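The values are calculated or read from the model by the stated rules, or taken from the named source; none is laboratory data. Every value quoted in this text rests on a predicted model; they were computed, and no experiment measured them. Counting neighbours? That spans all protein chains shown, and the Cβs are built from the backbone with ideal geometry, glycine included.
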Amino acid sequence: MPNSLAKLFGKSLICDDQISEGQSVSQPPPPSSVRRTVEASSLMDPNSNSVLTEDAADSKRGHVFHMQMVGGECNHACVSRRIRHYYSRRRKTNMESLPDELVFQILLDIAAQDIYKGARFVCKKWYDIIHSRNFIYRHLHCATPGLLFQSYKPLRRLVFVAMHNGRIKISKFSYKFRRRALSSCNGLIVESDLDDIYALYIVNPATKQRLALPPVSLPTITHKYYAIAYAAASMHYKVVLVHPCRYKTSTIWSCAILTVGVDESWRLVNIDYLSVKSTIAFTCAPLTTEGFIHWVNSKCTHVVTFNVETETIKETPVPDGYGDGVKHYLSTGSSLTLFIPCGEYSWEVLKMKPETGEWTKLFEIDLESQKGKFEHLVSECRPRPGNSSFILELVGWLNYEEVLVLRGSSVRVYILYNVGVQEIDFFELDYSFCYSSFNVHRNSLVYG
């Protein structure tokens, strides 16, 4: 990034490779008590309930307290002091002595990938807390929501972008996805196989757990979009697929659904009652909110919404006066937002309540006065192929309805607009995302 850009926006960002390499788990069930005992006990001190540090483990083999030689003889006094200090420190830092409530709160502040690769081995108490359903649920809702970026021409590793203490934090997953990340919900991502597009998996890239889904037995189709959502009442994750089937001279859309861990095959959902105009939305990738999946298209006057709990689909009309013309939709994670262009760099923003389909006006975003800053990026950064003019493209939300991410003519630079304080910032990715997908995501310990 040229220095002039840094001067232009005046802020820095944090880049961090947060996840180490490891093998994927073929299926992500909750760890059994036997597995916990074996995995944790291998690191346990036989004289206490805490896990040995690397130095402490070496001490059992006689390598921790190196003898200091004075005049060719062993300094026994120095060795004794080190031993006494070691055991005194062990008594003071015994993790079992901390109250469960305090440990619980401490662990909530640790990132999912750091918990999985390190914190769960601190002691047996921590291990049991981390693998409890209550902790996984609480940790999920304390996790910072962000956006998944994936370039698929060529296929690249996913990048997770989120706000941390008011600054951008960029994380690269070392988990190598087999193909594209199709949809994300609560840290679980649906991905397809590189060699078999009908072979699907649910992956948690933070914990490297992977679950194979039943195969999709469908004829060759021209469009197919998957989405995963969580049904809170039944506590099940469901994957939904819509696809067109050619019938004589017309196209008939079908919808299939799979309850993860329950269904052994895909089930069909009746959508015959949908209007032909609404089915145009199925040609675009769906957006997921809490408990709902939405298909939207700028050409449609309705939003098609799937309730994953009741497994029903309904059409919600766009508010009067907004049906025609260009429209943009983004998911905030909890709701669907609609952007109506008012100018080249300004939008009116509305929010739809999925349960009722009720629309509410949120605010207006006017960046016309910042036009000079945006267009300055054209001369500083390599533009997208075949694009010499500056165009702002909506990408997604960070911190739900607080920070809007936009993309300009550059293939690497993304612009941040803080709605509350009306400030502009930017961040840069280290490779091109000219052909890319964006999904709302949280790093979590959730398993399928």
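Yes or no: segment 273-287 includes at least one residue that is outside any helix (DSSP H, G or I), among the hydroxyl-bearing types (Ser, Thr, Tyr), more than 21 Å from the chain's Cα centre (by Cα) and within 25 Å of Ser437 (Cβ to Cβ). Show your work before the answer.
Step one: of segment 273-287, the residues outside any helix (DSSP H, G or I) are 273-277, 284-287.
Right, trim to among the hydroxyl-bearing types (Ser, Thr, Tyr) and you get 273, 275.
This time we only want the ones that are more than 21 Å from the chain's Cα centre (by Cα), so: 273, 275.
Checking which are within 25 Å of Ser437 (Cβ to Cβ) leaves us with none.
Checking segment 273-287: not a single residue is outside any helix (DSSP H, G or I), among the hydroxyl-bearing types (Ser, Thr, Tyr), more than 21 Å from the chain's Cα centre (by Cα) and within 25 Å of Ser437 (Cβ to Cβ).
Quick one: which residue in Leu140, Leu182, Leu155, Leu200 is of a type outside the set (Phe, Trp, Tyr), at pLDDT below 90 and surrounded by fewer than 20 Cβ atoms within 10 Å (Cβ to Cβ)? Give the derivation first.
Details: Leu140 fails: at pLDDT below 90; Leu182 fails: surrounded by fewer than 20 Cβ atoms within 10 Å (Cβ to Cβ); Leu200 fails: surrounded by fewer than 20 Cβ atoms within 10 Å (Cβ to Cβ).
Exactly one residue qualifies, and that residue is Leu155.
Quick one: which of Thr305, Thr316, Thr251 is more than 21 Å from Pro354 (Cβ to Cβ) and assigned to a strand (DSSP E or B)?
Working: Thr305 fails: more than 21 Å from Pro354 (Cβ to Cβ); Thr316 fails: more than 21 Å from Pro354 (Cβ to Cβ).
Criteria check complete, one pass: Thr251.
Residues of segment 265-299 being farther than 17 Å from Ala227 by Cβ and in contact with a Gly (Cβ under 9 Å, 6 or more places away or on another chain), which ones?
Correct list: Ser298 only.
Every residue in segment 288-327 that is in contact (Cβ under 8 Å) with a residue 60 or more places away in the chain and aliphatic (A, V, I, L, M), please.
Ile293, Val308
Please go through segment 153-193 and pick out each residue that is over 22 Å from Leu211 (Cα atoms) and among the aromatic types (Phe, Trp, Tyr). Please lay out each step first, then the result.
Step one: of segment 153-193, the residues over 22 Å from Leu211 (Cα atoms) are 153-154, 161-171.
Once the filter is applied, which keeps residues that are over 22 Å from Leu211 (Cα atoms) and among the aromatic types (Phe, Trp, Tyr), segment 153-193 yields nothing.
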